[in-house]
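Each remark here refers to the structure printed beneath this line.
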Amino acid sequence: APLRALQPPEAPTWPDTFAARLGALALLQTLNADLLSNPSATLTLDRWCAAHQLAPDGSKIVAERVAGVEKSASPEVRKALGIGTEGALRYRRVRLRCGERVLSEADNWYRPDLLTPEMNQTLNTTDTSFGRVAQPLRFRRQTLSARLLWRPLPEGWEMGAKIPEQGQAPLDMPAHVLEHRAMLTLPDGRAFSALVETYTSGVMAFPWAGALKTPSHE
């Protein structure tokens with residue numbers, strides 16, 4: 001099914017102003033730093049979901065496996081996982097939802113030969129997150145890249161680069177705003193999982209607080 005980042009359709013919109021763009025940039029960098037400094041994206045999004053009231057009923061993050069989807073691993077991924085073109089590699093896609101909002105999608109290529117039969121069975125038949133299933137392996141996560149897919153303000157804005165003119169329409173947020181690429185390795189250093197995590201503009205689906213205000217010193 002195609003990804004709709006802001007769900008339901010009546011999700012809040014932000015104005016297209018400099019203050020809102022600056023706020024969006026700060027929020028994306030804050031989320032990026034939180035994700036980089038914590039081993040579990042799920043728990044990080046749990047806190048983000050609660051802090052920004054993205055689910056009216058206070059729901060926590062739910063992992064939802066997307067069945068029936070296949071995506072071939074690139075030669076680079078196969079090389080990083082130490083497996084040739086004929087070696088067995090499995091693919092899994094999972095969405096992380098906060099209530100009805102999809103906050104991220106993860107593509108995961110992994111080596112079933114480095115997991116236990118029980119782990120492979122759980123991954124094949126349930127929505128349990130990969131990290132939770134593989135936790136007994138005492139794996140380590142190595143982030144390869146973290147990049148903004150959307151820049152609310154142009155590069156160099158703080159040095160005088162041209163800033164988009166304020167518009168009457170709401171701020172146009174793309175479906176995907178942040179991407180992380182990572183490898184999971186066993187204690188002996190062997191890589192067994194390659195991840196591409198894509199975060200959606202659903203992470204910002206809450207009302208804009210308004211113009212920046214100067215704190216009162218009264």
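The values are calculated or read from the model by the stated rules, or taken from the named source; none is laboratory data. From a predicted model like this one, the values you see are computed outputs, not experimental measurements. Neighbour counts are summed over all protein chains in view; Cβ atoms, including those assigned to glycine, are modelled from backbone coordinates with ideal geometry. To get the accessible areas, we keep the full protein, side chains included, count just its heavy atoms, and leave off ligands, DNA and RNA. Shrake-Rupley method; radii C 1.70, N 1.55, O 1.52, S 1.80 Å.
May I ask for the distance between the Cα centers of the stretch 166-188 and the stretch 28-98, given as a whole number of Å? Cα centres, the stretch 166-188 to the stretch 28-98: 11 Å.
Secondary-structure-derived ellipticity at 222 nm for the chain, considering helices only, amounts to -6500 deg cm²/dmol, per-run term -39500 (n - 2.57) for DSSP H runs with n ≥ 4.
Which of the helices in the chain, when you take each full DSSP H run, stretch at least 20 Å along the axis at their Cα atoms and have an average Kyte-Doolittle score of 0.5 or higher? Write down the numbers at each step before the final one.
Details: long enough: 18-36 (27 Å, 1.17).
Span-like helices here: 18-36.
Of the Cα atoms belonging to the stretch 155-195, the radius of gyration and Dmax stand at 19.7, 56 Å. Here SER145 and GLU118 are evaluated by their C-beta separation; at R0 = 45 Å the FRET efficiency comes out at 0.90.
With every protein chain kept in the model, how would you rank TRP48, TRP157 by accessible area, 1.4 Å probe, largest at the top?
TRP157, TRP48
Ignoring aspartates and glutamates fewer than eight residues from LYS162 along the same chain, the ones with Cα atoms less than 17 angstrom from its Cα are ASP16.
Within the same chain, aspartates and glutamates fewer than 8 places from LYS60 are excluded, and of the rest, those with a Cα less than 13 Å from its Cα are ASP46, GLU100. In the chain, taking the dipole from charged Cβ atoms about the Cα centre, the farthest positive-side position among GLY189, ALA169, ALA146 is held by GLY189. Around the Cα centre of the stretch 76-188, unit charges on the Cβ atoms of Lys, Arg, Asp and Glu (plus for the first two, minus for the last two) sum to a dipole of about 300 debye. Over the stretch 22-132, the Kirkwood radius and the radius of gyration, each from Cα atoms, give a ratio Rg/Rh of 1.03. Modelled label positions at ALA80 and LEU43, each set 7 Å beyond Cα in the direction of Cβ, lie 2.4 nm from each other.
One compactness figure for the stretch 61-105 is 1.48, namely its Cα radius of gyration divided by 2.2 N^0.38 Å. How big, in percent, is the set of alpha carbon pairs in the stretch 103-165 lying more than 12 Å apart? The answer is 79 percent, as a whole percent.
Scattering from the chain was approximated by placing one identical point on each alpha carbon and applying the Debye formula without solvent; log10 I(q)/I(0) at 0.07, 0.13, 0.16, 0.17 1/Å stands at -0.26, -0.81, -1.12, -1.22.
The residue among LEU45, ALA209, ALA20 whose Cα reaches farthest toward the positive pole of the charge dipole of the chain, with charges on the beta-carbon of Lys, Arg, Asp and Glu, is LEU45. Think of the stretch 78-163 as having a plus end and a minus end, set by charges on the Cβ of Lys, Arg, Asp and Glu; of PRO117, THR128, TRP157, TRP157 sits farthest toward the positive end of this dipole.
Find the accessible area per residue for the stretch 102-218; the probe is 1.4 Å, ligands and nucleic acids are left out, and the unit is Å².
Working: 6670 Å² over 117 residues.
Normalised by residue count, the accessible surface of the stretch 102-218 is 57 Å².
Heavy atoms only, probe 1.4 Å: what % of the accessible area of the stretch 66-218 goes to carbon and sulfur, would you let me know? Mind dumping the intermediate values first?
Numbers: 4450 of 8860 Å².
Carbon with sulfur: 50 percent of the solvent-accessible area.
In debye, nearest 20, what is the charge dipole magnitude of the chain about its Cα centre with +1 on Lys and Arg Cβ and -1 on Asp and Glu Cβ, if you could check?
Values: 25 positive and 23 negative charges, 120 e Å.
Here the chain has a charge dipole of around 580 debye.
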